[in-house]
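The values are calculated or read from the model by the stated rules, or taken from the named source; none is laboratory data. Just so it is clear, the structure is predicted and the values come from calculations on it, not from any experiment. With ideal geometry, Cβ positions are generated from the backbone for all residues, glycine too; neighbour counts draw on all protein chains shown. Please note that ligands, DNA and RNA were not included when accessible areas were found on the heavy atoms of the full protein model with its side chains. Shrake-Rupley method; radii C 1.70, N 1.55, O 1.52, S 1.80 Å.
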Amino acid sequence: MLLEVLQGTEAGGFILIQDSVNYCGRHLLKSCINTALKREEVVHVLGFEVSQEELNDGLDKTSAQRLHFHNAYSDPLGWTGNSPFTVHQFTLEDIGTLLKQTPQAKAVTLVIDSLSWILRHHDPAAICQKLQALKKGGVVRAVIGLLHSDLHQRGTVGSICHLATSVITVAPGTRGLGAFAKITRRTKSGKLMQDEEIFSINEDLTVTIQSKRSHPGSTPMNTDESEVDPTANLTFNLRLSDTQREAKEKLPLPFVFSKEKKSALLHPGTGSGRILYEPDANDDYDQEDPDDDLDV
């Protein structure tokens with residue numbers, strides 16, 4: 001599933017790469033950029049954490065004219081007054097102005113490196129609204145963001161992940177073999193798909209899937225062992241034979257009237273039965289009105 005997310009061409013998507021101090025997700029971010037460039041897309045990068053030279057290292061040089069780096073690394077807070085882009089300029093208007101400076105025939109892919117810089121200087125709720133607007137605005141075809149999850153509160157990370165159509169959580173692999181990725185992908189129909197894979201990133205920034213990791217709590221099935229029947233050693237039978245099941249299905253249930261019985265009760269015939277009472281000699285039968293002494 002990791003390769004499908006990296007090579008996905010779905011418009012309006014938001015891919016979030018979530019890393020921590022244990023494993024850096026920037027190499028996977030650069031792999032996303034390289035994949036988008038090879039699809040002949042125009043890519044705009046808001047760079048807060050690394051310089052342009054470091055970001056370009058390893059990227060496809062033949063597509064350099066379609067890669068636009070907006071330098072927020074040298075002066076991210078705008079203290080010098082001449083910074084090309086600052087963290088305070090993360091607004092729909094300023095981003096739209098940046099995209100219009102480089103005319104392109106189709107919508108672009110916006111890469112944010114990283115969202116942690118922006119979240120530390122803006123209200124998380126406002127950032128969520130801007131990301132949602134970027135997804136549906138039409139100017140930006142797709143958004144790819146890097147988030148350092150251990151720098152923020154769990155609620156903030158959860159809100160950003162909820163907006164993303166695909167979340168890739170990376171961690172170091174076991175025994176130093178590759179890296180571990182947990183992928184959560186939400187389709188247009190709302191279906192949620194999850195997978196866990198062990199991957200490695202080559203020198204040309206291509207991703208190789210080494211193996212798929214079994215889900216936590218799941219145990220592999222052993223086909224050699226036969227199923228244990230819990231009813232094998234009982235002194236009574238819990239199952240019904242075909243004859244018993246057929247007889248049970250034919251048995252009428254109590255208080256359930258058939259059509260014939262309903263018709264007979266609702267439309268009694270002329271020869272319907274009557275109750276005749278003949279008092280016995282020992283019966284205490286009084287001809288007088290038993291309620292004669294009552295003032296009614």
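Brief remarks follow.
- Spin-label pair residue 237/residue 204, simplified geometry with 7 Å Cα→Cβ offset, distance in nm: 6.9 nm
- With all protein chains in place and ligands, DNA and RNA left out, the 1.4 Å accessible area ranks 1, 193 as 193, 1, largest first.
- Cα-Cα separations in the stretch 2-138 greater than 18 Å, expressed as whole percent: 57 percent
- The phi-based Karplus calculation (6.51 cos²θ - 1.76 cosθ + 1.60; θ = phi - 60°) puts the 3J(HN,Hα) values of the stretch 88-98 at 6, 8, 7, 10, 5, 5, 5, 5, x, 5, 4 Hz, whole numbers, x for Gly and Pro.
- Listed residues 48, 69 arranged by accessible area, highest first, probe 1.4 Å: 69, 48
- Accessible area (Å², 1.4 Å probe, nearest 10) - residue 135: 40 Å²
- Förster radius 51 Å - calculated FRET efficiency between residue 4 and residue 71, Cβ distance, rounded to 0.05: 0.95
- Accessible heavy-atom area order of 255, 236, 14, 180, highest first, probe of 1.4 Å: 255, 236, 180, 14
- In the distance distribution for the stretch 98-202, Cα-Cα pairs more than 23 Å apart total 38 percent.
- Phi angles across the stretch 113-118 convert, under the Karplus curve 6.51 cos²θ - 1.76 cosθ + 1.60 with θ = phi - 60°, into 3J(HN,Hα) values of 10, 10, 5, 5, 4, 6 Hz, Gly and Pro given as x.
- Rounded to 5, the percent of DSSP beta bridges in the stretch 1-156 classed as antiparallel: 5 percent
- Label sites at residue 194 and residue 54, each approximated as a point 7 angstrom past Cα along Cα to Cβ, lie 3.3 nm apart.
- Solvent accessible area, Å² - residue 211, 1.4 Å probe, full protein context: 60 Å²
- Above-threshold pairs, the threshold being 21 Å between Cα atoms, out of 61/100; 30/182; 38/182: 61/100; 38/182
- Calculated diffusion of the stretch 54-109, Stokes-Einstein form, Kirkwood radius summed over Cα pairs, 10 °C and 1.306 mPa s, µm²/s: 122 µm²/s
- In this structure residue 60 has an accessible area near 40 Å², from a 1.4 Å probe over the protein heavy atoms.
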